[in-house]
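Here the structure is laid out as structure tokens; the discussion comes afterwards.
The values are calculated or read from the model by the stated rules, or taken from the named source; none is laboratory data. As the structure is a prediction and not an experimental result, all values here were calculated from the model. Methodologically, a virtual Cβ is constructed for each residue, glycine included, from the backbone with ideal geometry; neighbour enumeration extends over all protein chains shown.
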Amino acid sequence: MPSTNNRQPAGGALVIASLIIVILGFILVPHPGEAQSTHRIARTVEADEVPESKTVTPVGDLSPEAKSAFREALANEGSYTVHGKENRPPEWYYSDDTGFYYVQSEGTIYEVMTSGSAGHIFDYIKIGPFLLTGIAMGITGIRWLQRG
């Protein structure tokens, strides 16, 4: 049976494990509580397929945020998500419904679909057990290291 007088090795292991648990929580829930804005490019369209109520915007006329979202979606199999309302392109609307926009790049018209969600309180519920467990283990490990 290990001696209860020397808990330093176990304390060190607890501190390391606590850091891993906290980091794992942030990996699994990377942006807790932040709004998500998704951009999808599902298809290209011909000019006559664009609804009359919509306009085709040349990629050069987009804001820097919209250009970035458009290019990232093209580069990432047609989907790109930004986190935080401050990172949303200002010319596009985000809600639970899908918004449709048309962007022309190098002679091709792309149908860009946007959707968004507000920050979720459930993100904090998901990450909470990781943080509480990690902090409790870390405090215990530090105490064991100090008592060594």
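Give the range 28-44 a look and list any residue that's buried (at least 16 other Cβ atoms within 10 Å of the Cβ) and part of a strand (DSSP E or B), or say none.
Result: 36, 37, 38, 39, 40, 41.
Regarding the range 84-92, can at least one residue be identified that is among the basic types (Lys, Arg), within 11 Å of residue 114 (Cβ to Cβ) and part of a loop (DSSP other than H, G, I, E, B)? Yes, because at least one residue in the range 84-92 is among the basic types (Lys, Arg), within 11 Å of residue 114 (Cβ to Cβ) and part of a loop (DSSP other than H, G, I, E, B).
In the set (1) assigned to a helix (DSSP H, G or I); (2) touching a residue at least 12 places away in the same chain (Cβ under 8 Å), residue 54 fails one condition alone, (1). Every test in (1) within 30 Å of residue 146 (Cβ to Cβ); (2) touching a residue at least 12 places away in the same chain (Cβ under 8 Å) is passed by residue 9 save one, and that test is (2). Output yes when any residue across the range 8-23 is among the hydroxyl-bearing types (Ser, Thr, Tyr) and either assigned by TED's automatic domain parsing to the domain that holds residue 101 or touching an Asp or Glu at 6+ places or on another chain (Cβ under 8 Å) (or both), and no when none is. Checked against the condition, which is being among the hydroxyl-bearing types (Ser, Thr, Tyr) and either assigned by TED's automatic domain parsing to the domain that holds residue 101 or touching an Asp or Glu at 6+ places or on another chain (Cβ under 8 Å) (or both), the range 8-23 yields no hits at all.
Can you tell me which residue within the range 89-148, out of those that are among the polar types (S, T, N, Q) and within 30 Å of residue 12 (Cβ to Cβ), is farthest from the chain's Cα centre (by Cα)?
Filtering the range 89-148 for residues among the polar types (S, T, N, Q) gives 95, 98, 104-105, 108, 114-115, 117, 133, 140, 146.
Checking which are within 30 Å of residue 12 (Cβ to Cβ) leaves us with 133, 140, 146.
Numbers: 133: 23, 140: 32, 146: 38 Å.
Per the criteria, the residue is 146.
Take the range 104-131 and flag every residue that is at pLDDT below 85 and of a type in the set (Asp, Glu). Within the range 104-131, just 123 meets the criteria.
When the range 31-62 is examined, which residues are found to be within 30 Å of residue 140 (Cα to Cα) and out of contact with any strand residue (DSSP E or B) (no Cβ under 8 Å at 6 or more places or on another chain)?
If the condition is that a residue be within 30 Å of residue 140 (Cα to Cα) and out of contact with any strand residue (DSSP E or B) (no Cβ under 8 Å at 6 or more places or on another chain), then 32, 33 are the ones that fit.
Mind checking which residues of the range 89-142 are surrounded by fewer than 15 Cβ atoms within 10 Å (Cβ to Cβ) and among the polar types (S, T, N, Q)? Passing the criteria: 95, 98, 108, 117.
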